[in-house]
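Engineer: Mind having a look at this structure? Questions to follow.
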Amino acid sequence: MSTFQNITSSSIIFLLTGIPGLEDFHTWISIPFCFLYITALSGNSLILFAIVTQPSLHQPMYYFLSMLSTTDLGLSISTLVTMLGIFWFDARKISFNACLSQMFFIQLFTVMESSVLLAMSFDRLVAISNPLRYASILTDLKIAQIGVAIITRGTLILIPVQVLLKRLSFCHSHVLHHSYCFHPDVMKLSCTDTRINSAVGLTALITTAGVDSIFILLSYLLIIKTVLSIASPEERKKAFSTCISHIGAVAVFYIPLISLSFVHRFGKWAPPYVHTLIANAYLLVPPVMNPIIYSMKTKQIRRAVLKVLHPSATKN
């Protein structure tokens, strides 16, 4: 029987993968990916700049939107170099420490986005159920504290995941199946027992995105209950309309995340490129779609963005 020497994580070099079976077309495939990255980076930067520079947007709802745009920018930047490096230069090599760093930031910004979406649902609940106290409840100090709590929560939950990965040793294949470092993908290559890693990783996912999704759902049940108690149909419609953008943001975040989890656990029959495309959608769809959703559905954001793009334009 052939024997394999375990390789410590400090000296390992992983090989990332582009689109399996379509390597000859990577240059052409890079065109839509470039378009998506440009859309994500420019769209979120524009919304962030508009919120910072327009005094009319210095309100709790838009502060939370600026947090969402920041996490989307971080998520896009975390994968841009490796993904486009593979498509353009076939730069597949990545050291374990670089892989670990990329994995941490991808997971951190994912957890932060989930937390921001929860904070935004609480913002909508307060605005609809208790509008007279809205400004006194969501003060600038309270919003800053929520922002710090979001970062702290994500960091503390992910530190054990990173520490446990450092103890692994690797043998056999060093080929990852995505164009970025994905936690389950890295664990599969280890010749160390990874049951603890899997349990801690699953716990981190459940206590962040899982718990957040439950509280978001509860928030909307309370919002619906409040809105249905409003007598005027026009006022009910107006109240619901303030939630449309946030509902869209929740959908474009959780649908790719749930799809990726299901494919990795139950989709072993699926062709490799299906896993790759869903994994890329999981990281690219929210940063691309969120600026579009908020620009289309939120009049104040649309006006502010137009004002940034055309400073000479009037308010009308």
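Engineer: What number of residues within segment 276-305 are farther than 20 Å from Tyr37 by Cα and either in contact with a Lys or Arg (Cβ under 9 Å, 6 or more places away or on another chain) or surrounded by 14 or more Cβ atoms within 10 Å (Cβ to Cβ) (or both)? It would help to see each step written out before you state the result.
Structural biologist: Residues of segment 276-305 that are farther than 20 Å from Tyr37 by Cα, as a first pass: 297-304.
With either in contact with a Lys or Arg (Cβ under 9 Å, 6 or more places away or on another chain) or surrounded by 14 or more Cβ atoms within 10 Å (Cβ to Cβ) (or both) added as a condition, the list becomes 297-298, 300-304.
So the answer is 7.
Engineer: Sort out for me the helices (runs of 4 or more DSSP H) sitting completely within segment 176-286 that have 3 or more residues that are closer than 24 Å to Ile150 by Cα and of a type in the set (A, V, I, L, M, F, W, C). Please lay out each step first, then the result.
Structural biologist: Details: elements: 183-188, 195-205, 211-228, 233-241, 244-266.
Hits in segment 176-286: 195-205, 211-228, 244-266.
Engineer: When segment 218-233 is examined, which residues are found to be touching a residue at least 24 places away in the same chain (Cβ under 8 Å) and either farther than 14 Å from Val250 by Cβ or exposed (fewer than 10 other Cβ atoms within 10 Å of the Cβ) (or both)?
Structural biologist: As a first pass, look at segment 218-233 and keep what is touching a residue at least 24 places away in the same chain (Cβ under 8 Å): 219-220, 222-223, 226-227.
Answer for segment 218-233, where residues must be touching a residue at least 24 places away in the same chain (Cβ under 8 Å) and either farther than 14 Å from Val250 by Cβ or exposed (fewer than 10 other Cβ atoms within 10 Å of the Cβ) (or both): Leu222, Thr226, Val227.
Engineer: Residues that are under 27 Å from Pro184 (Cβ atoms), under 17 Å from the mean Cα position of the chain (by Cα) and among the hydrophobic types (A, V, I, L, M, F, W, C): does segment 49-72 have at least one? First the steps, then the outcome.
Structural biologist: Our first condition is that a residue be under 27 Å from Pro184 (Cβ atoms); within segment 49-72, this holds for 68, 70-72.
From what is left, the residues that are under 17 Å from the mean Cα position of the chain (by Cα) are 68, 70-72.
Restricting the remaining residues to those that are among the hydrophobic types (A, V, I, L, M, F, W, C) gives 68.
The answer is yes; a qualifying residue exists.
Per-residue answers, yes or no, for (1) free of Cβ contacts under 8 Å to residues at least 60 places away in the same chain; (2) among the acidic types (Asp, Glu); (3) more than 24 Å from Ser30 (Cα to Cα); (4) out of contact with any helix residue (DSSP H, G or I) (no Cβ under 7 Å at 6 or more places or on another chain):
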| site | (1), (2), (3), (4) |
| --- | --- |
| Val81 | yes, no, no, yes |
| Gly85 | yes, no, no, yes |
| Asp90 | no, yes, no, yes |
| Lys93 | no, no, no, yes |
| Leu100 | no, no, yes, no |
| Met103 | no, no, no, no |
| Met112 | yes, no, yes, no |
| Val116 | yes, no, yes, no |
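Engineer: Limited to segment 12-65, what total is found for residues that are part of a loop (DSSP other than H, G, I, E, B), under 30 Å from Thr242 (Cβ atoms) and touching a helix residue (DSSP H, G or I) at 6+ places or on another chain (Cβ under 7 Å)? Spell out how you get there, then give the answer.
Structural biologist: As a first pass, look at segment 12-65 and keep what is part of a loop (DSSP other than H, G, I, E, B): 12, 16-22, 54, 58-59.
Checking which are under 30 Å from Thr242 (Cβ atoms) leaves us with 54, 58-59.
Filter once more, keeping what is touching a helix residue (DSSP H, G or I) at 6+ places or on another chain (Cβ under 7 Å): 54.
Residues flagged as part of a loop (DSSP other than H, G, I, E, B), under 30 Å from Thr242 (Cβ atoms) and touching a helix residue (DSSP H, G or I) at 6+ places or on another chain (Cβ under 7 Å) within segment 12-65 amount to 1.
Engineer: Please find, among Leu260, Leu222, the residue that is within 26 Å of the chain's Cα centre (by Cα) and under 23 Å from Phe64 (Cα atoms).
Structural biologist: On the way: Leu260 fails: under 23 Å from Phe64 (Cα atoms).
That would be Leu222, the only listed residue that is within 26 Å of the chain's Cα centre (by Cα) and under 23 Å from Phe64 (Cα atoms).
Engineer: Looking at (1) open to solvent by less than 40 Å² (accessible area, probe 1.4 Å); (2) part of a helix (DSSP H, G or I), which is the one condition that is false for Ala98?
Structural biologist: Ala98 satisfies all of (1) open to solvent by less than 40 Å² (accessible area, probe 1.4 Å); (2) part of a helix (DSSP H, G or I) except (1).
Engineer: Something else about it: Taking segment 137-160 as the region of interest, how many residues are surrounded by 15 or more Cβ atoms within 10 Å (Cβ to Cβ) and farther than 13 Å from Val111 by Cα?
Structural biologist: Summing the residues that are surrounded by 15 or more Cβ atoms within 10 Å (Cβ to Cβ) and farther than 13 Å from Val111 by Cα in segment 137-160 gives 4.
Engineer: Counting just the residues of segment 166-211 that are open to solvent by less than 50 Å² (accessible area, probe 1.4 Å), in contact with a helix residue (DSSP H, G or I) (Cβ under 9 Å, 6 or more places away or on another chain) and hydroxyl-bearing (Ser, Thr, Tyr), which one comes out nearest to Ser11 (Cα to Cα)?
Structural biologist: Filtering segment 166-211 for residues that are open to solvent by less than 50 Å² (accessible area, probe 1.4 Å), in contact with a helix residue (DSSP H, G or I) (Cβ under 9 Å, 6 or more places away or on another chain) and hydroxyl-bearing (Ser, Thr, Tyr), the one nearest to Ser11 (Cα to Cα) comes out as Ser169.
The values are calculated or read from the model by the stated rules, or taken from the named source; none is laboratory data. Quick caveat, the model's predicted, so the values are computed rather than measured. Every residue, glycine as well, gets a Cβ built from its backbone with ideal geometry; the counts of neighbours run over all protein chains shown. Quick note on the areas: whole protein, heavy atoms, side chains included, nothing else; ligands and nucleic acids left out. Shrake-Rupley method; radii C 1.70, N 1.55, O 1.52, S 1.80 Å.
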